[in-house]
Amino acid sequence: MPEEPRQNIAGDAAAAVAFEPGTAGTRAEAVVDELGDLYWQKTYGGKDAFESLVRTILSQNTSDVASQPAHDALMERYDGDGDLAAALADAEQSRLAETISSAGLYNQKSTVIIDAAKGICEEYGGAAAFDEFVREDDPTSVRGALLDMHGVGPKTADCVLLFAGGRDGVFPVDTHVHRIARRMGLAPADADHEGVRARLEANVPAAKCGFGHTAMIQFGREYCTARKPACLDGPEACPLYDRCDRVGVDEVGESVVDPAEAAGE
């Protein structure tokens with residue numbers, strides 16, 4: 001079984017776990033179980049909440065390959081002996097933008113990070129208290145507070161809840177998860193990101209949502225890509241072929257459209 005890449009937004013916030021073999025109660029759970037056998041079964045939590053927030057903001061609209069160097073450069077420049085949130089709240093925007101330039105959209109992301117840092121310092125007094133809030137407070141309240149931050153969307157909020165808060169039952173939806181869940185028929189073809197999240201969280205046991213998210217992303221990178229999913233090379237090319245409805249995939253014509261477009265035809 002392959003190891004989860006360390007250089008992603010999960011970081012080192014994972015611990016291996018094994019689930020007893022059993023019969024899945026839903027097709028979504030069966031898919032997640034197979035992804036767990038293909039990749040990994042893990043639980044998450046323990047990552048510093050503010051660093052997790054920053055790391056996820058840097059990952060928006062880019063790859064781990066691009067965002068990881070930006071994260072490393074930011075931590076090297078701003079994470080001294082003090083409070084990272086306080087340091088970034090006082091950061092000069094142009095200098096921070098230069099520091100994280102490899103992540104793309106660096107002017108926008110630097111502004112979002114500074115605004116978040118200032119808000120956290122004002123509301124919680126710094127990174128340590130914010131970390132406690134993310135770990136201990138009601139998850140709905142935490143998610144709402146995160147979504148109230150400028151530039152923080154549902155995926156970013158859910159990643160903080162998962163990787164820092166260690167909350168079960170949180171299934172963040174990025175572009176890979178959104179595409180795969182609809183293509184496989186695990187969510188309606190026209191569902192938005194929140195619709196996919198709601199469907200997956202309702203049909204996947206809480207303890208399996210975390211690795212369901214990370215393993216599905218890996219599956220999207222290796223097999224179920226946007227433009228050329230493995231199934232176009234034949235049923236034997238995809239390990240989840242028998243679990244998939246292939247919505248928007250024309251195996252005969254070897255063409256692919258977004259599931260929502262296919263459903264509207």
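The values are calculated or read from the model by the stated rules, or taken from the named source; none is laboratory data. This structure is a prediction, so every number in the text was calculated from the model and none was measured. Reconstructed Cβ throughout: ideal geometry from the backbone, glycine too, with neighbour counts over all protein chains shown.
Before moving on, here are some points about what is shown:
Conditions tested, residue by residue: (1) in contact with an Asp or Glu (Cβ under 8 Å, 6 or more places away or on another chain); (2) modelled with pLDDT of 95 or more; (3) assigned to a helix (DSSP H, G or I).
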| residue | (1), (2), (3) |
| --- | --- |
| GLU4 | no, no, no |
| ASP12 | no, no, no |
| ALA15 | no, no, no |
| PRO21 | no, no, no |
| ALA24 | yes, no, no |
| ALA28 | no, yes, yes |
| ASP33 | no, yes, yes |
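- All of ALA128, ALA85, ALA116 fail the test of being of a type in the set (Gly, Ala, Ser), surrounded by fewer than 17 Cβ atoms within 10 Å (Cβ to Cβ), under 24 Å from the mean Cα position of the chain (by Cα) and in a helix (DSSP H, G or I), apart from ALA128.
- Just one of the listed residues (ALA97, ALA103, ALA145) is in contact (Cβ under 8 Å) with a residue 40 or more places away in the chain and either of a type in the set (Gly, Ala, Ser) or over 19 Å from TYR78 (Cα atoms) (or both), and it is ALA103.
- In a residue-by-residue description of the stretch 123-139, the property of being touching a residue at least 40 places away in the same chain (Cβ under 8 Å) and of a type in the set (Val, Ile, Thr) applies to at least one position.
- Among residues that are hydroxyl-bearing (Ser, Thr, Tyr), in contact (Cβ under 8 Å) with a residue 24 or more places away in the chain and under 28 Å from GLU261 (Cα atoms), THR225 is not included.
- The one condition in (1) closer than 22 Å to ALA30 by Cβ; (2) surrounded by 13 or more Cβ atoms within 10 Å (Cβ to Cβ); (3) not acidic (Asp, Glu) that ALA237 fails to fulfil: (2)
- Filter result for ALA215 (surrounded by 18 or more Cβ atoms within 10 Å (Cβ to Cβ) and in the same structural domain as ALA181 (by TED's automatic domain parsing)): yes
- Of all residues in the stretch 150-173, those satisfying the criterion of being outside any helix (DSSP H, G or I), surrounded by 19 or more Cβ atoms within 10 Å (Cβ to Cβ) and out of contact with any Ser or Thr (no Cβ under 7 Å at 6 or more places or on another chain) are VAL152, GLY165, ARG167, VAL170, PHE171, PRO172, VAL173.
- Scan of the stretch 35-72 for residues that are at positive phi and either exposed (fewer than 15 other Cβ atoms within 10 Å of the Cβ) or not in a loop (DSSP other than H, G, I, E, B) (or both), ordered by number: ASN61
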